[in-house]
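Each remark here refers to the structure printed beneath this line.
The values are calculated or read from the model by the stated rules, or taken from the named source; none is laboratory data. On a predicted model such as this, the values are computed, not experimentally measured, just so you know. Glycine also receives a Cβ, built like all others from the backbone with ideal geometry; neighbour counts cover every protein chain displayed.
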Amino acid sequence: MTRSLTLTINGTKHDIELEDARPTLLDVLRERVGLTGTKKGCDRGQCGACTVLVDGRRINSCLALAMSHDGAEITTIEGVADGETLHPVQAAFIENDGFQCGYCTPGQIMSAIGLFSENGTANDPEQLREGMSGNICRCAAYAGITEALLDAQTRLSGKE
Amino acid sequence: MNLFDYKRPSSIADAVAAGAEPGAAYLAGGTNLLDLMKVGARKPDVLVDISRLPGLGEIETLQDGSVRIGALVRNSDLARDAGFAKAYPAVAEALLSGASAQLRNAATVGGNLMQQTRCLYFYDQQSRCNRRQPGAGCDAIGGETGKHAVLGWTKQCIATHPSDFCVALAALDASVELQGPDGARSVSLEEFYTLPTEDTPGGADVRPGELVTALTLPADAAHFAGHARYIKLRDRTSYAFAIVSAAAMADISDGVVQDIRIAMGGVAARPWRARAAEAALKSKAPTPELISAAAEAALADASPSGDNAYKIELAKRLVHRAIEQALAGTPQTIPALPGSVFAAQAAGR
Amino acid sequence: MADTPIAPAGHVRLGSNSGQSMTRREGVAKVTGKANYAADNKPEGLLHAVYLESGIARGKVISLNTEAALAHPGVVHVMTPENAPSLAVSPDEKPVPFSARMEVLQDNRVRYAGQPIALVLAETLEAATEGARLLAPEYEAEPARIGFENGEAYDPEFVTTGTPPARQVGDIDAERKKAAHTVEVTVDTPLQYHNAMEPHVIIAQWDGDKLTIDMPNQAIGLARAGIATYLGIDPENVTLRSPYLGGGFGSKAVVFGPQYLAMLAAREVGRPVKLVLRRDQMFGPVQHRSATRQTVRIDLDKDGRILALDHHSLSTTSSFDDWLESAANASLSIYASPAIKVSHTGLRVDTGTPGAVRAPGLASGTAALEVAVDAAAYRMKQDPLDFRLLNYAETDPGTGKPFSAKALRECYAEGAARFGWKGRPLEPGQMRDADGYLTGWGVGTALFHAPFFPAKASAVIRSDGSVGAQTSGADMGQGAWTALAQMAADGLGMPADEIEFEIGHSGLPDGSVAGGSAHTASAGSALFAAGSDAVRQVAEIAMNDPESPLYGAGNEGVRASGGRLHRVDDPARGETYAEILTRAGIAEVEGQGRGRREKSAAEQYAMYSHGAVFAEVKIDPDLYQVRVSRLVGAFAAGRIINPRLAKSQLNGGMIWGLSFALHEEGIHDLRSGRPINNDLAGYHVPVLADVPSVESILVEEHDPHANALGIKGVGEIGITGTVGAIANAVWHATGVRPQRYPIHIKDLLEGELARQRG
């Protein structure tokens, strides 16, 4: 039984037809809408590679039934730069080598953006590490990620 | 996952009507249900999406001083609610020690209560599991049992309940409100989870069509705000289930424990209230000897269900630690590593 | 083709790009989601494939409900042994290097749990997934053989791929007779699964007998040859695109059964097919690190000098192939000893076949050796670092050859200084921090081979002034896009950000394997040579052109920089590449390059990267949860092309060491043989909170022999030494000497209880 839903993704409204109600938000983004920046690492909520913002909150899109988010505002990695200008978190990840293979990176960046909107820019490194522990990096770029988070905070607080 | 019908009712009554149909399952945050559907442990015919039902998203203080938490309040919103975290700091800490920020943002408190065990053999669909299929047998017994139950288990099931949140709730005598086809009822959170018997595997006591609508903390639960901790031992610093965990909360005046609550996680199919341990300290001025006696009492009935005798000793020590830390007073703020044995180290930085 | 003459070894000057900490060339693509990983492609008419994996570890599949699967809406085709097309070559043959025996539905036999037993194609991923489940297989099961106690032991002919399984240096019995002290430890290491964040994936599409594949791959040239052989087509007809790999760690060097199933299925149905392994499927057909049970015995003289070193490893493999972890060989090259014996026993179990996982052999081997060495130091009541210096190997103990370069002493010194090793109490259990946590310090020696693979590259200089370089090499996160471009740019005499650069495609010159920590040296040397060759051609044109200011300057009289050639004696006299080519009427020159190592150097020297890792752990004194509060590693690996990226590799490697020491463990149910923690909630790797502090120091080292540019590798060495350093720190904190990895809370608790019992 076909289904339809509407998602506003990175500011653009998408009317989406589904063959049935099964697809997750992740599979809708990747396979139906063609936004493949969001990655599938485990499909079970155990790695964070699929992190997106739904109505401003970071969640694992692999454990979100797309139908259940009909009408939601979604922000993905494709939607965080301002034209050619990178988001401060993106810039900080490059500058501090906060990734290696890059596969977990969209999820890391979306998670960091979510974290900063939850916590403000409190600069306790332990809090940052804990707050980002839902994003596994198998290359273990963790030293760079921590530096990137601290740098991003500085950049963000400078902007505020 | 199997094909299913998807319904999004707009009232609790409609939801319960839909949920009472055979093969129906309620969907809220989906963080556990979708996972179980992906591995094939759940195969609902109908998903009844309750995530937008009105009236289930509030945290209210009632006239009698009790607090009612709507089932659809997200775990993270509850933990971050300043008033709630101040009154029930161990509950907030327990919440924040669980899963990841992303999962806490999606998962609801009702869903947290309804989550299934993480027993490896429950998840492995090739294994026999009485919880999945009553009467099938239990392949966990004799298997990889290092994380399994040491209290309240039987040959039917040796699984543990994975929630952190529920451990703190059990300590505070929380109750669960349910709405079903036959009306509403309320049950104590502890008894909401039935233990396995010689013939049945146990599990959440939900009748067909029943929907968890709220959690309630009684008025006296706020008496413990000054002396409350939740500690969770795990084999990764974060994003891991507890090996064992303990909540301890005390109401102290004049150096005497007026009341104390102790509960353990990761040890049984339900969050385990340690009433004998509470009795060992209640109405007494705490001493190291009394605390040790309480910890011993907490595990007095424990027995290994496999290769997990070490958990009994660890649980004793953890209860001991939780009591000590609760007596020392609730930290000013929730530690950067919530529930961690390294919380103190983190705080020192 | 004109090879660039190899300059006197180690004396090649790189230009202004190499040695710079440039940020990643592909950084913007990766942080904006635009980097194209294989699974991101969606050719027209794509079908999704999902394979069903075996639920038994040994036996036969006797029925599959294909009707149920085909009846599911969206399912298009089901492949089983009854209707699966065959490969041109038996899947049990290994026609090219980096291939392994595999299952491609050739029969109904099951050799391990997780083996593909059917493939379902459907219009959607959801339908294919459910279709596979509906196959509801029935089996005729035989008892599974899993675990050290249940496997079948055998004496191997070789370990890894062709290394002798045993070696002896000196007379071990004679040396033992002289010994004043003996230390022996036994350490178990578990099955470990690569678990790159990007699962194995392939998108295969056919156009007649031409095959185009999007697939992350570490060895494009070998993969292409293997695919062509197995499918019976011309290698020229195989196009493999792999611009980005979401991690590899060894497992993407080989093409396995599942990918072949997708290629066969795409040919069968005449539509493009996409197959992505689910995370749980990563615990079966795509290799893992062998489990080992290692015994290390060290005999010492009265002063603590090692007289005899005996290292044996029982290493697991599958029932049908032969890869064995060469763990014991770690003892051949780290510590001096007049007598060394290393040996291996194979153990056949019902798992998929193991293979190379980041730092094969040495990660597991040093995990045991470093624990034994630490125990020996303590026996002698010597500081573990002093003990290592006392037993410092001035020449390679296994071969007697000199090292091409070895700055390990400097690594020990710089690492120890940075860590603050001085003043470490000799006895365990002596240190507590201000918060009461048990604190321990441990050290381990790191070592990894410095191999060199023949690689090819090309470079181009065009009359419009644009320049470019290419090789098929692979970036799985180690930084090839950047470091290799830096080297190509130096060959071309251009700033790195002004060259076109291309890797990750089978149409490019074969850049060889991204593995063995050799890619920068191998492919980078080829790129540098290719660039130099292109510049040489431009210079020759200019020097022979009377109109050029470079006319007659001679080879040594000309230098290239910034896309311009100038006279050495007068840098103002020169002209751009574009001017030279334009005047000559030549559209472009193409340079070719090969990377190579001098044969004589390879024969004469033992070549390794070295390092020293220092670990601090904090342990709860009652509850025994462990946190690695600090890791400091100092590494000497020859010339470093990009310090920023090299440090990232080393830091990542050390965290892999942490993961080995404390987290990773593939658990198979001993009765069924099934992997039962086959997801990332069950199979732990570190999260950010596990890594409060990790730091790498790059120790200056000049290696004149490893290759012309003096480059060795940094990709794998970080793991080695770290595992033991952490285990030794745990001992130093608790007094409990770990006997298995990962170190469990249970083990430390039981260690305490055993001590109390006396």
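Numbers at a glance
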{"read-out": "Options C:VAL269, C:VAL238, C:VAL255; residue that is surrounded by 24 or more Cβ atoms within 10 Å (Cβ to Cβ), away from chain A (no Cβ under 14 Å) and of a type in the set (Val, Ile, Thr)", "value": "C:VAL255"}
{"read-out": "Residues within region B:121-164 that are among the aliphatic types (A, V, I, L, M), over 16 Å from B:ALA242 (Cβ atoms) and within 14 Å of chain C (Cβ to nearest Cβ), tallied", "value": "2"}
{"read-out": "Those residues of region B:233-252 which are more than 11 Å from chain A (Cβ to nearest Cβ), more than 18 Å from B:CYS119 (Cα to Cα) and either in contact with a Leu (Cβ under 6 Å, 6 or more places away or on another chain) or buried (at least 24 other Cβ atoms within 10 Å of the Cβ) (or both), in sequence order", "value": "B:ALA246, B:ALA247, B:ALA248, B:MET249, B:ALA250"}
{"read-out": "Residue ID - nearest to the chain's Cα centre (by Cα), chosen from residues in region A:87-109 that are more than 7 Å from chain C (Cβ to nearest Cβ) and touching a residue at least 60 places away in the same chain (Cβ under 8 Å)", "value": "A:GLY107"}
{"read-out": "Of all residues making up region C:90-123, the number that are crowded, with 22+ Cβ neighbours inside 10 Å and within 14 Å of chain A (Cβ to nearest Cβ)", "value": "1"}
{"read-out": "Residue in region C:172-182 that is in contact with an Asp or Glu (Cβ under 6 Å, 6 or more places away or on another chain), β-branched (Val, Ile, Thr) and surrounded by 19 or more Cβ atoms within 10 Å (Cβ to Cβ) present", "value": "no"}
{"read-out": "Test: C:ASN707 is crowded, with 24+ Cβ neighbours inside 10 Å, among the polar types (S, T, N, Q) and away from chain A (no Cβ under 14 Å)", "value": "yes"}
{"read-out": "Matching strands (runs of 3 or more DSSP E) fully within region A:1-70 where at least 2 residues are among the hydroxyl-bearing types (Ser, Thr, Tyr) and surrounded by fewer than 21 Cβ atoms within 10 Å (Cβ to Cβ)", "value": "A:3-9"}
{"read-out": "C:ARG639 being away from every other protein chain (no Cβ under 11 Å) and more than 35 Å from the chain's Cα centre (by Cα)", "value": "no"}
{"read-out": "Among the candidates C:SER609, C:SER629, C:SER648, residue that is at pLDDT 95 or above and surrounded by fewer than 24 Cβ atoms within 10 Å (Cβ to Cβ)", "value": "C:SER629"}
{"read-out": "From the options C:ALA634, C:ALA612, C:ALA689, C:ALA646, residue that is within 12 Å of chain A (Cβ to nearest Cβ), within 27 Å of A:ARG129 (Cα to Cα) and either without any contact (Cβ under 8 Å) to a residue 24 or more places away in the chain or touching a Cys at 6+ places or on another chain (Cβ under 9 Å) (or both)", "value": "C:ALA689"}
{"read-out": "From the options A:GLU126, A:GLU84, A:GLU73, residue that is surrounded by fewer than 24 Cβ atoms within 10 Å (Cβ to Cβ) and away from chain C (no Cβ under 11 Å)", "value": "A:GLU73"}
{"read-out": "Residue list for region A:141-160, filter: within 8 Å of another protein chain (Cβ to nearest Cβ) and either without any contact (Cβ under 8 Å) to a residue 24 or more places away in the chain or assigned to a helix (DSSP H, G or I) (or both)", "value": "A:TYR142, A:ALA143, A:GLY144, A:ILE145, A:THR146"}
{"read-out": "Among the candidates A:ILE77, A:ILE9, residue that is under 14 Å from the mean Cα position of the chain (by Cα), aliphatic (A, V, I, L, M) and over 27 Å from C:VAL687 (Cβ atoms)", "value": "A:ILE9"}
{"read-out": "Given (1) on the phi > 0 side of the Ramachandran plot; (2) buried (at least 17 other Cβ atoms within 10 Å of the Cβ); (3) out of contact with any helix residue (DSSP H, G or I) (no Cβ under 8 Å at 6 or more places or on another chain), number of the condition B:GLY30 does not satisfy", "value": "(3)"}
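Rundown of residues vs (1) assigned to a loop (DSSP other than H, G, I, E, B); (2) touching a helix residue (DSSP H, G or I) at 6+ places or on another chain (Cβ under 6 Å), yes/no style:
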{"residue": "C:HIS77", "(1), (2)": "no, yes"}
{"residue": "C:VAL89", "(1), (2)": "yes, yes"}
{"residue": "C:PHE98", "(1), (2)": "yes, yes"}
{"residue": "C:MET102", "(1), (2)": "yes, yes"}
{"residue": "C:GLN106", "(1), (2)": "yes, no"}
{"residue": "C:ALA113", "(1), (2)": "yes, no"}
{"residue": "C:THR129", "(1), (2)": "no, no"}
{"residue": "C:ALA132", "(1), (2)": "no, no"}
{"residue": "C:ALA136", "(1), (2)": "yes, no"}
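Conditions tested, residue by residue: (1) in contact (Cβ under 8 Å) with a residue 12 or more places away in the chain; (2) away from every other protein chain (no Cβ under 12 Å).
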| position | (1), (2) |
| --- | --- |
| C:GLN20 | yes, yes |
| C:VAL28 | no, no |
| C:ALA38 | yes, no |
| C:LEU46 | yes, no |
| C:TYR51 | yes, yes |
| C:THR66 | yes, yes |
| C:HIS72 | yes, no |
